[in-house]
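The values are calculated or read from the model by the stated rules, or taken from the named source; none is laboratory data. Because the structure is predicted, anything quoted here is derived from the model rather than measured. Note: ideal-geometry Cβ built from the backbone for every residue, glycine included; neighbour counts use all protein chains shown. Protein only, heavy atoms only, side chains kept; ligands, DNA and RNA dropped before computing areas. Shrake-Rupley method; radii C 1.70, N 1.55, O 1.52, S 1.80 Å.
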Amino acid sequence: MSVNTTTPRTLFEKVWQNHLVRPQTPDTPAVLYIDLHLVHEVTSPQAFAQLRQEGLKVRRPDRTLATMDHSTPTTPRNALGIIPVTDTMAAAQLDVMRKNCADFGIPLYDLGTSNQGIVHVIGPEQGFTQPGMTIVCGDSHTSTHGAFGALAFGIGTSEVAHVLATQCLLQSSPKTMAIKVDGRLSSGVSAKDIILAIIAKIGVGGGTGYVVEYMGEAIRSLTMEGRMTICNMSIEGGARAGMVAPDDTTFQYIAGRPYAPKGEAWDRAVEGWRQLPSDDGAKFDAEVTLNADELVPMITYGTNPGMGMPITAHVPDPDKLTDASQKMALDKALRYMALQPGQQLLGKPVDVVFVGSCTNSRISDLREAARLIKGRKVAANVRMMVVPGSQQVKAQAEAEGLDKVFREAGAEWREAGCSMCIAMNGDQLQPGQYAVSTSNRNFEGRQGKGGRTFLASPLTATATAINGVITDPRELTN
């Protein structure tokens, strides 16, 4: 397909046009080539079954990577160094994953191996995730990889089968949205607070139909881990994907990783990646602005990520809303959370603190939490779980002594996996319990049937674990 390169284009438009096998027509979606297909054990079994039924092979096993993360226990290894899987359904699911990968020639990071971990953590850390790619996975938080300037999004089980068989996907072109965050973050405020503030502003449906590009001084000043946190939760604002244009911070992160280009190939790759940022004058279908100077630590109070507020604010009153559906939703959420309108969350006791998930389980997240809790203790009323995002993150944290800091404080140091984010393998809340969680979703029952989740940053979660009540981290960081 010929593309008019004289018209200013957005980052999304460049990546999209570079991967068109067949353009979109009024009657048919586009055929998009996929550079990297990430696979895990929960959404892939039906797809592999479909391949067997139709007698198909995996088109590009070399562009497919599998890991185990959702159904994996995070409890300590036994005396033989093995992570025991006591849940029979989870064990069966993992066995099916091993057979599928072996039968179809797909590389697998198996449970207990040094590279295993959450799918959206291992892709970047291994260097598979690179600027300008199209990346898909049967998981909604695939948008994480957009932090590298990739077009990355989640797909359904039937689409997983389609990509396995063809390395292509039928897609309709979305609209584009620019979210500009200027200014600088204050101490105690992090990337998680930026994205919670954005979703609180636009709502859980504000990004529906869009691919979002995050830009501005505050975004540029973030580490790659911070950018991944923001892109990870794009889906929580309804967006199809989130992207950040690649720059020197991106290149420095990728350089030297196992599957990054080497030598002359690296030089050529960087030269191409530098052409990806949106051109001056490129048009977006919608624009949103946010001032980082005004941000404070954020926390959710309801049952979707859009129900968020500054940690110093008060729970809103449904009776003050004019929209009947919004009023009903807020009233239902507050009843589930057992909160009162006008209530302040600061000082509210909690039962569990969870630091982990594909949103906030990277080494920088663990370092932040460890710095705050070092020399302090987890409150007697709180269970604190710290779950690294991959075995490599775990190994690095242990080499730096972070595990010792957490253990001495009274926190649980776990094996890598999704853990309490999706309430599997016993890592879950009990009915009625409250948790401050660094994960990405606070839906009813998301972290355990009847469990109540407040989403927050690793700093806010750790400060809460120390005091035993919801705490503004600036009280301890300052």
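Worth a mention:
- If the condition is being touching a helix residue (DSSP H, G or I) at 6+ places or on another chain (Cβ under 7 Å) and part of a loop (DSSP other than H, G, I, E, B), then region 61-71 contributes M68, D69, S71.
- Selected residue (only one of V96, V58 is assigned to a helix (DSSP H, G or I) and either among the β-branched types (V, I, T) or closer than 21 Å to H120 by Cβ (or both)): V96
- Residue count for region 63-78 satisfying the condition of being under 21 Å from S114 (Cβ atoms) and open to solvent by 60 Å² or more (accessible area, probe 1.4 Å): 3.
- Residue check for G188: in contact with a helix residue (DSSP H, G or I) (Cβ under 6 Å, 6 or more places away or on another chain), without any contact (Cβ under 8 Å) to a residue 60 or more places away in the chain and part of a loop (DSSP other than H, G, I, E, B): no
- Qualifying residue in region 103-122 (condition: part of a loop (DSSP other than H, G, I, E, B) and under 21 Å from A241 (Cα atoms)): yes
- Qualifying residues in region 14-29 (those that are assigned to a strand (DSSP E or B) and closer than 22 Å to G272 by Cβ) - the one most open to solvent (accessible area, probe 1.4 Å): V21
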